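This report refers to the structure that appears directly beneath it.
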């Protein structure tokens, strides 16, 4: 007897995590490990298929574990005095 698992599509995982499908797709295919950690584990493609899918139980366990996605957006840069030396003004040969 074959066990049937329920899979979630990219759009369904995006809705659960609050990220856009394009963002998740970019994170899945990224070679940067920090980005890959922002996606639920277990994303796969069936042989010959083009769509990314996840096992529902794996995604739900990941969300319950607290390892889910951080808040979207980049950290804000603070304005400060700056550490770069001032540039010289003037043209060539000045």
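Derivation of every value follows stated rules applied to the coordinates shown; laboratory data play no part. Please read these numbers as outputs of a predicted model, since none were measured by experiment. Heads up, the Cβs are rebuilt from the backbone with ideal geometry, glycines too, and the neighbour counts pull from every protein chain shown.
Distance between the modelled labels on residue 26 and residue 12, one decimal in nanometres: 2.5 nm (7 Å Cα→Cβ projection). Considering all C-alpha pairs of the range 7-65, those separated by over 14 Å amount to 52%.
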